[in-house]
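First the structure, in the form of structure tokens, and then the observations on it.
The values are calculated or read from the model by the stated rules, or taken from the named source; none is laboratory data. Every value quoted in this text rests on a predicted model; they were computed, and no experiment measured them. Positions of Cβ are backbone-derived with ideal geometry, glycine not excepted, and every protein chain shown enters the neighbour counts.
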Amino acid sequence: MLIIYIILGIIQGFTEPIPVSSSGHLVIFKNLFQLDELNDLNFEIFTNFGSFLAIAFIFRKDLAKLIKGFFGYIKTKNKEYKEDFKYCLLVIVGSIPAGIIGLLTKDLIEKYLGNVKYVGLALLITALFLFIIRKMKGKKEANDMTYMDSLKIGLFQVVALFPGISRSGATLVGGMFSGLKRETAFKFSFMLYMPISLATLALGVKDTVETGIDSTMLFYYILGSLAAMIVTFFSTKWFKDIMMKGKLIYFVYYCLVVGTLVLLFL
């Protein structure tokens, strides 16, 4: 059992930041190996928290600067903070669609779209959109972004609520369609990840408090969370390097192959 939880933590950690869908891969592994552990909500909360900590650490300087700028501008209206304040508003606007739709459709998604066939189809859709944007570069920097750009990217993030559609992939597609530079799209994608991840974690913790947690499983949860945190850190760094080099075609091939195999054999 120990090895299973570590492996699941590694799967979560590796697939969370890259455009292949972590939730979709957990559904695939659940069906492939008949692992009941994947239905453990508490384990998902712990591993997601591990991934969140890793990504927050990578972007810690950006986050600190944005938080300082946001509250600094509210307090002083100093032009020095205006750009960071606007960026925070862009993140808020971009988070609204997924936040609203996620709350309204949470039970529906969990009930019907955890089916492995849906995941296979979603991976093929992911492959198609990644193929479309694979060579796009864009010209917009962060300070060129409009609220309409943010809303558009946020609407793409809504699609990622469905298992098999990658959150990072969907927001990158939205960013590239909005004309953002690769680095700008990459950073904004992960800035959008922060509020959505925190909200998801908060809802998960609420459910855990209501249902309780098995203390005998706590050790396995912590190990899975640590595995997810460590692997997410390196996976995010690796993905950024691939993104900057314009090598998204690797993920196109991967999603195409895995999606096809899932539809044919699972």
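Observations, loosely collected:
- Meets criteria (under 17 Å from the mean Cα position of the chain (by Cα) and not hydrophobic (A, V, I, L, M, F, W, C)) for Lys237: yes
- Failed condition for Tyr193, given (1) within 19 Å of the chain's Cα centre (by Cα); (2) surrounded by fewer than 15 Cβ atoms within 10 Å (Cβ to Cβ); (3) in contact (Cβ under 8 Å) with a residue 24 or more places away in the chain: (2)
- Filtered residues of the range 218-252 (kept if touching a residue at least 12 places away in the same chain (Cβ under 8 Å) and hydroxyl-bearing (Ser, Thr, Tyr)): Tyr220, Tyr221, Ser225, Thr232, Ser235, Thr236
- Meeting the requirement of 1 or more residues that are at pLDDT 90 or above, the helices (runs of 4 or more DSSP H) wholly within the range 1-91 are 2-15, 41-58, 60-76.
- Boolean, Ser150 is at pLDDT 95 or above and either assigned to a helix (DSSP H, G or I) or touching a Ser or Thr at 6+ places or on another chain (Cβ under 8 Å) (or both): yes
- Residue match in the range 153-170 (condition: out of contact with any helix residue (DSSP H, G or I) (no Cβ under 7 Å at 6 or more places or on another chain), assigned to a helix (DSSP H, G or I) and in contact (Cβ under 8 Å) with a residue 24 or more places away in the chain): no
- Long-range neighbours under 8 Å by Cβ, at least six apart or interchain, first residue closer than 30 Å to Gly175 by Cα within the range 19-43, second among the charged types (D, E, K, R) and at pLDDT 80 or above: Ser21/Arg167; Ser22/Glu16; Leu26/Glu44
- Hits in the range 192-247 - residues which are modelled with pLDDT under 85, outside any helix (DSSP H, G or I) and of a type in the set (Gly, Ala, Ser): Gly212
- Thr200 being among the polar types (S, T, N, Q), surrounded by 16 or more Cβ atoms within 10 Å (Cβ to Cβ) and in contact (Cβ under 8 Å) with a residue 60 or more places away in the chain: yes
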